[in-house]
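S.K.: The structure follows.
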Amino acid sequence: MIDSSINSLSVSDGRVLDIIACGAIASSVREIAKRRGWSVEIHALSALLHDRPEKIANEVEGIASRLISEGKWVAVAYADCGTYGEIDRVCSDLGIGRLSGLHCYDVFAGKTMIEKIFDSEPGTYLLTDFLVRSFNKTVVKELGLDRFPELVWDYFGQYKRVLWLKQGSDPSLDAKAEEVAELLGLPLEVFETTDSGLEYELEKLYCNNYADGGTVKDTEMSLTAGSTW
Amino acid sequence: MTQDELLKELYDATLVGNQPRVIELTNEGLNTGVTPETLLFDALIPSLEEVGARFERGDFFVPEMLIAGKAMSKALEILRPLLAETGVETIGKFLIGTVKGDVHDIGKNLVDIMLEGAGFEVIDLGVQVPPEKFVEAIREHEPDVVGFSAFLTTTMPMFKVNINALEKAGLREKVIVMVGGAPVTQEYADSIGADGYAADASGAVKRAKELIHQRALARR
Ligand code: B12
């Protein structure tokens, strides 16, 4: 289920790290790699797999096994993402790394911040830039709200707010996020995260693959998780 | 329309979640002498079971489950008082809720519908139910089974917190504890000391019946 809308990217002439990425963050991964001058090839899987998380580990395993058999260096730009440990099984079987955390919200805002957000209001529905941009496709259509608009209450009736973890500064998304909140009948709050959480996680993966002797300690990296929050 | 035709149509209408047609056919069935039990056990429940099977196979997704469940629940509203009149004893009392911190409730609501359809009295405490509210409700309603539902990795540990709260309140031996929700497995249920687990709504009904039966035998 490769998402062909997201092109792969190969930078510089160094050894390439093949990154199997969730479609929801693949373009951010590409942007960060470009910014940092990393040599990566991105294999984006459809973000819609999140609604069928039991399929994610198998998809990742298939691609990773093939790439490894071709002698490639591989990393996984997925968090646990509702696989409930299955993706860890694949990563440990194949000896590859993934982004830490339960989902991309942890990656963007930090685990502690997400815990705080849900502690302060459990009825929080989170958005990322990707979700705002693709809300019609990934949520409205997938959850059947286009065919059965009345289901909005069944899905979101218990929620109290929409909280947008805003990574970028695309002004066109502001109005879209408002529209999403309006559609759900909830107030919108915005929390600026930037993409440095993802950058930090990717740096760990990248360095782990390239550093002599494998593991690189967090302190050796230029970024500090939590630096922007 | 013959009885068989009506049951077949009711089955099909439930399957696609055609709520107005389900209500119409339920009323029509009753008016033409079809018993509430027949409508329930020969059309509505098998249809919702098929919805569950299609979801498992990936032919249906959440919205299809939801609209079918809502249609069946409308039919149950009509049938409930009639089933009560027939004097059929309830199989047992089932108290259920989504644990504290979690707002997912679609799966839980489907479990409710299937339990009710199978003859359970269901008390649903809703979402984000804290341990003390479960304890209070168990004291008040004295259910045979309490069911905890959770969908997030971060809220699953509430199962154990709830069980501890029941122990502390001296209620653990008085009630069967069942757990469920997308991330839950039999292994996990065993590890936290729950009595039962089921992967879907039909399984929840089956397992609850078994556990109640076992408890009755053990008490003899
Ligand atoms: C629909 C859905 C939603 C809806 C929920 C609507 C609602 N009112 O419930 C919406 C869109 C609102 C939503 C929100 C969120 N969601 Co959500 N959601 C899902 C999704 C796609 C389907 C869940 C579902 O309803 N399945 C259909 C039902 C019928 O199946 P079921 O839940 O398994 O229930 C059956 C059994 O489990 C069993 N059962 C259920 N309860 C019980 C109880 C007992 C006692 C027993 C015996 C059996 C039993 O019987 C049921 C019927 O057959 C899942 C992914 C997936 N496919 O699982 C993600 C998923 C559960 N969500 C997830 C997340 C992260 C979230 C959000 C944090 C996302 C966000 N953007 O904010 C929020 C949650 C916020 C909060 N405060 O809780 C993650 C959880 C990951 C994790 N590691 O914890 C998942 C796995 C998606 C993913 N791949 O990342 N979500």
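S.K.: What nm value, rounded to one decimal, do you get for the distance between A:E182 and B:A53 when each label is placed 7 Å out toward the C-beta?
M.R.: About 4.5 nm, to one decimal.
S.K.: Over all directions, what mean area does the Cα convex hull of the range B:77-198 project, stated in square nanometres? Kindly include the intermediate steps, with their values, before the conclusion.
M.R.: Numbers: hull surface 28.8 nm².
The number I arrive at for the range B:77-198 is 7.2 nm².
S.K.: Helix B:3-15 against the longest principal axis of chain B: what's the angle in degrees, Cα atoms only, rounded to the nearest 10?
M.R.: It is inclined by approximately 50 degrees.
S.K.: Moving on to the next point. For labels at A:E121 and B:T2 in the simple 7 Å Cα→Cβ model, what's the distance in nm?
M.R.: Label at A:E121, label at B:T2, 5.9 nm between them.
S.K.: Return an integer: the convex hull volume of the alpha-carbon atoms of the protein assembly as shown, in Å³ per residue. Don't jump to the answer; show the numbers that get you there.
M.R.: Values: hull volume 76.5 nm³, N = 449.
Per residue, the Cα convex hull of the protein assembly as shown comes to 170 Å³.
S.K.: Tell me which of B:G17, B:L83, A:T128 sits at the most positive position along the dipole axis of the protein assembly as shown, charges placed on C-beta atoms (Lys, Arg +1; Asp, Glu -1).
M.R.: So the residue we want is A:T128.
S.K.: In the structure shown, do any of B:K74/B:K108; B:K160/B:K206; B:K133/B:K209; B:K93/B:K174 have a Cα-Cα gap over 19 Å, and if so which? Numbers along the way, then the final one.
M.R.: On the way: B:K74/B:K108 17 Å; B:K160/B:K206 23 Å; B:K133/B:K209 25 Å; B:K93/B:K174 13 Å.
B:K160/B:K206; B:K133/B:K209, as the Cα separations exceed 19 Å there.
S.K.: Explain nothing, just the number: relative contact order of the range B:40-159, from Cα pairs under 8 Å at least 6 residues apart, as a whole percent. Write out the running numbers ahead of the final one.
M.R.: Working: 137 pairs, mean separation 33.9, N = 120.
It comes to 28 percent, rounded to a whole number.
S.K.: Between A:K137 and A:T112, what length in nm is gained on full extension when 0.36 nm per residue of separation is reduced by their alpha carbon distance?
M.R.: Working it through step by step, the gained length comes to 6.0 nm.
S.K.: Relative to the first principal axis of the alpha-carbon coordinates of chain B, what is the inclination of helix B:201-219, with its axis defined by its Cα atoms, in degrees from 0 to 90 and to the nearest 10?
M.R.: The answer is roughly 60 degrees.
S.K.: With +1 on the Cβ of every Lys and Arg and -1 on the Cβ of every Asp and Glu, and nothing else charged, how large is the dipole of chain B about its Cα centre, in debye rounded to the nearest 20?
M.R.: On the way: 22 positive and 34 negative charges, 166 e Å.
It comes to approximately 800 debye.
S.K.: Roughly how tilted is helix B:106-117, in degrees to the nearest 10 and between 0 and 90, from the longest Cα axis of chain B?
M.R.: Value to nearest ten degrees: 60.
S.K.: If we count every other residue with Cβ under 9 angstrom of A:D154's Cβ, Lys/Arg +1 and Asp/Glu -1, where does the sum land? Kindly include the intermediate steps, with their values, before the conclusion.
M.R.: On the way: positive: B:K70; negative: A:E150, B:D105.
Net charge in that neighbourhood comes out at -1.
S.K.: Given labels modelled 7 Å from the Cα in the Cβ direction, how far is it in nm from B:E173 to B:N31?
M.R.: Modelled inter-label distance: 5.6 nm.
S.K.: Efficiency by 1/(1 + (r/R0)^6): what FRET value for A:R15 and B:V16, r their Cβ-Cβ distance, R0 = 41 Å, to the nearest 0.05? If you can, show how the numbers build up before the last one.
M.R.: On the way: r = 54 Å, r/R0 = 1.32.
Calculated value: 0.15.
S.K.: Mind checking which aspartates and glutamates have their Cα closer than 16 Å to the Cα of A:K137? Skip sequence neighbours fewer than 8 apart in that chain.
M.R.: Straight-distance partners of A:K137: A:D3, A:D51, A:D129, A:D146, A:E179.
None of the figures in this text is laboratory data; all of them are computed from the coordinates on show. Here the structure is a predicted model, which means the values were calculated and not measured. Glycine also receives a Cβ, built like all others from the backbone with ideal geometry; neighbour counts cover every protein chain displayed.
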